[in-house]
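What follows draws every value from the coordinates through simple rules; no lab data is involved. Just so you know, these numbers come straight off a predicted model, no measurement behind them. No Cβ is skipped: glycine too gets one built from the backbone with ideal geometry, and neighbour counts run over all protein chains shown.
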Amino acid sequence: MEEDQSRQSRGRKEKIQIKVAEGDGAGNSGMQATTFVETTGKQEERELLRLEMPSWTSPLSSVKLTPHSHKHKDKHKDREHRHKEHKKDKEKDREKSKHSNSEHKDSEKKHKEKEKTKHKDGSSEKHKDKHKDRDKEKRKEEKVRASGDAKVKKEKENGFSSPPRIKDEPEDDGYFAPPKEDIKPLKRPRDEDDADFKPKKIKTEDIKKEKKRKLEEEEDGKLKKPKSKDKDKKVPEPDSKKKKPKKEEEQKWKWADLLKHRSHVYTTKKTSPEDLRLEFVAGVRWEEERYPEGIKWKFLEHKGPVFAPPYEPLPESVKFYYDGKVMKLSPKAEEVAMFFAKMLDHEYTTKEIFRKNFFKDWRKEMTNEEKNIITNLSKCDFTQMSQYFKAQSEARKQMSKEEKLKIKEENEKILKEYGFCIMDNHRERIANFKIEPPGLFRGRGNHPKMGMLKRRIMPEDIIINCSKDAKVPSPPPGHKWKEVRHDNKVTWLVSWTENIQGSIKYIMLNPSSRIKGEKDWQKYETARRLKKCVDKIRNQYREDWKSKEMKVRQRAVALYFIDKLSLRAGNEKEEGETADTVGCCSLRVEHINLHPELDGQEYVVEFDFLGKDSIRYYNKVPVEKRVFKNLQLFMENKQPEDDLFDRLNTAILNKHLQDLMEGLTAKVFRTYNASITLQQQLKELTAPDENIPAKILSYNRANRAVAILCNHQRAPPKTFEKSMMNLQSKIDAKKEQLADARRDLKSAKADAKVMKDTKTKKVVESKKKAVQRLEEQLMKLEVQATDREENKQIALGTSKLNYLDPRISVAWCKKWGVPIEKIYNKTQREKFAWAIDMADEDYEF
DNA sequence: CCAGGTACTTAGGAGGCTACTT
DNA sequence: AAGTAGCCTCCTAAGTACCTGG
């Protein structure tokens, strides 16, 4: 790894000098050249090979395993290290490149000077504006600082390791593009089926509204406050919930109808009079709810948020010591001290920035007297507080069943009361009705604000949003809301401004709600529309690589990355406010490395950067020659910390995309590529005659291909190795059993041959069955083992929840007779109710 | 065009819960 | 009955996108 990195850095410096031979015209099939054409079992392995990424080894080897209670801490630490290691390497790089400076301040200055001179002469016009430059300098400073305290700890990048079973596979380029359908066109005769769908508010909301609105109002009058008992009386409610008291909540919405009507597709397929009526009502209502421009609802009523429980002061017996002496803290100071004490086990309470931020904010909560005494965090002894906290959580675990049940019931009561709202005649679940409790902020990755005090939110901070004709929730006694507004152009019920970043937080509805589900559906419909014009768009950007305009070229190359690699858009971020992470448009020169030739492939771009949540993206990608040349051009005369696409940002890119297709933005490519990959992989991997567990494995593999594409990672479970071993021994045991059973069967058969009576025959039969059963069990275990092994460091959930058109999965389940519960758990089924309701087995994305 | 602000989606981790094992 | 593994839910941070007003 180390070696690799330094090679990179050397390589980088040389490469920057290379002049681009303009318009060589050799551009060719490109995409095709790098994507999968053959689709055999092998391919799955190649797919996985990408996991190889760099040759990381398991963090297990270096992190001491502590059972149970330390599990999470370690996990966390692991990410820390992933991050740190990454940074560190970069630092090393940079230092090398400027004759290594050990004094931070020094190097900082030099850096600045360098920057200045650079901008005065030469390429100045290439660089954006002062603002940006300023940012860069700041960034540099920060990095230099960071390099200072980067611990010299040998740890693996990302904590990822490659699955052993594919180690012997020939070294791939590590590149994984989603299988593009221009290579292997999907038979898609049904392209037309949702042709009418219009994604944009303007389009969806301007029809028939007047007439319908009148109707709605009538209904509204009756239904205004359909509180529980009231509710069931309303016959025309298309809401079937409550009517059938099944174990799972009956699907609340006639999704299929709703969405059908949303896209102006009317069917006449009606089964029973009941259905007919419902559909009619649904039709009216849904049309009706096609509110004018930007209107999200008509009626909204809720009970307001649930506030965090107040702080309970510590018992007298729990002492805090400063400089060895007992000290009684004021309640406010004590509360904040307790936040710190609770985190004592975490590595980051040892971090400079964390401690600094914490201490500064803590002092703000102290009385003057306390402030005078407590001047040094290192002299604070929180151990008793920490122990008290641990004892408490231990006690909580040890509670009797009754006590636990009581708590559960109380929670349910709160949920019942505050967890739901009424939006347009429906009782909808709220996602996060509890206000975030105070605590110490811990951003992800290397966050400059870690340790800051996240203050307690009071009713006076809260903005309530509801409809004018709704009952306004009452604030807690003795308090009032900051504001009550009636804005039906937004979906949130409650908002407040958080004090760390100054951003606004919202309380919104659960994914199962109409408002979220519909949006979700729209998202996939947009992606499906992209499918129809993606070829055109690809041709377009390939043309643009040749443009005379720098901006256009950059846009085209960035778009190529977004399309091919499903990178995120990469909005600009405010410097020093968040961890230094990037997406496509915000890539910097230091994040890529160009290899004219690498491992037998031409024009390889090596990506290495921290993306969202400071998750590392590392990938080596062969690109088309023209892209490569363009990149060289973009990097000319730039410093590592300069923007790669200095003429581009997400606004420009999205503006362009908007022109190419209505509703198209950068993130649609991620959705599109994810879903199309799933569909394709499912087609390839599903073997018709396999049993259900094997099918599920195939599904998971397809899902995994997507997760890899989207770079959805997780820290390998700390108990992974162990649980794997356990599973293996189970398999071994099963094998033995099976062998025994087979032997029994054999002898039974022999007996039967001799005896020829029914009794022995019966014995043979039962033995046969036993063997069969064991075979199945063994099979199941083996499948489980494979699945788990392959899944070690990949998080499937994120793509499943956010990127994969659920209708693909639903269709697949229907087609192969796999129960939907095997693919989606309860929450997921709720979220995807719309898809379950509307997709049939031949749904095509 | 840009900066600041707002709304909404996407993200990984922590901790709880449950089912299973011993 | 206690221990444990893995799944699930909750939590909230961190993105994207778009709007507005200068």
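Taking each residue as 0.36 nm, the span from A:LEU633 to A:THR786 lengthens on full extension beyond its C-alpha to C-alpha distance by 50.6 nm. Each pair of Cα atoms in the stretch A:403-510 enters the Kirkwood radius, and Stokes-Einstein at 4 °C and 1.567 mPa s then converts it into a translational diffusion coefficient of 82 µm²/s.
Spacing of the modelled spin labels on A:LYS551 and A:ASN802, each 7 Å from Cα toward Cβ, amounts to 3.1 nm. Take the Kirkwood radius over Cα pairs of the stretch A:725-773, plug it into Stokes-Einstein at 37 °C and 0.692 mPa s, and you get 286 µm²/s for translational diffusion.
Taken as Cα centroids, the stretch A:311-326 and the stretch A:593-618 sit 52 Å apart, rounded to the nearest whole angstrom.
Taking Cβ atoms as reference points and 10 Å as the exclusive limit, the residues near A:ILE435 contribute a net charge of +1, counting Lys and Arg as +1 and Asp and Glu as -1. Rounded to two decimals, the Cα-based Rg/Rh of the stretch A:678-838, with Kirkwood Rh, is 1.12. By the compact-protein rule of thumb, 2.2 N^0.38 Å, the alpha-carbon radius of gyration of the stretch A:320-398 corresponds to a ratio of 1.10. I need the Debye-formula profile for the stretch A:550-624: one equal scatterer per C-alpha, no solvent, reported as log10 I(q)/I(0) at q = 0.17, 0.21 1/Å, two decimals. Rounded to two decimals, the profile gives -0.67, -0.98. Using only side-chain charges placed at the Cβ, +1 for Lys and Arg and -1 for Asp and Glu, the dipole size of the stretch A:588-641 relative to its Cα centre rounds to 200 debye. The dipole here belongs to the stretch A:320-398: it is taken about the Cα centre, uses +1 on the Cβ of Lys and Arg and -1 on the Cβ of Asp and Glu, and is about 100 debye. Taking the inverse of the mean reciprocal distance over all distinct Cα pairs, the Kirkwood hydrodynamic radius of the stretch A:313-362 comes to 11.8 Å. Among A:SER614, A:HIS591, A:LEU648, whose Cα sits farthest toward the positive end of the charge dipole of the stretch A:516-663 (+1 at Cβ of Lys/Arg, -1 at Cβ of Asp/Glu, about the Cα centre)? Highest projection toward the positive end goes to A:LEU648. With q set to 0.11, 0.19, 0.22, 0.25 Å⁻¹, the log10 of I(q)/I(0) for the stretch A:501-576, from the Debye formula over equal scatterers at the Cα positions, is -0.51, -0.95, -1.02, -1.11. Which of A:VAL490, A:MET450, A:PRO476 sits closest to the plus end of the dipole of the stretch A:403-510, meaning its Cα is farthest towards the positive end, when Lys and Arg get +1 and Asp and Glu get -1 on the C-beta? Highest projection toward the positive end goes to A:MET450. The stretch A:419-483 and the stretch A:734-782 have Cα centres lying 63 Å from one another. Every Cα-Cα pair in the stretch A:314-447 was counted, and those over 23 Å apart are 51% of them.
How would the stretch A:286-342 be classified by its alpha-carbon gyration tensor: rounded, prolate or oblate, with rounded meaning a/c under 1.5 and the a/b versus b/c comparison settling the rest? Taking the square roots of the gyration eigenvalues as a ≥ b ≥ c, the stretch A:286-342 is prolate. About its Cα centre, the dipole of the stretch A:516-663 is roughly 860 debye, where the only charges are +1 on Lys and Arg Cβ and -1 on Asp and Glu Cβ. For the stretch A:514-582, the residue among A:ALA527, A:LEU559, A:GLY570 whose Cα projects farthest onto the positive side of the dipole built from Cβ charges is A:ALA527. Given just the C-alpha atoms of the stretch A:516-663, how large is their convex hull per residue in cubic angstrom? Convex hull of Cα atoms, per residue: 132 Å³.
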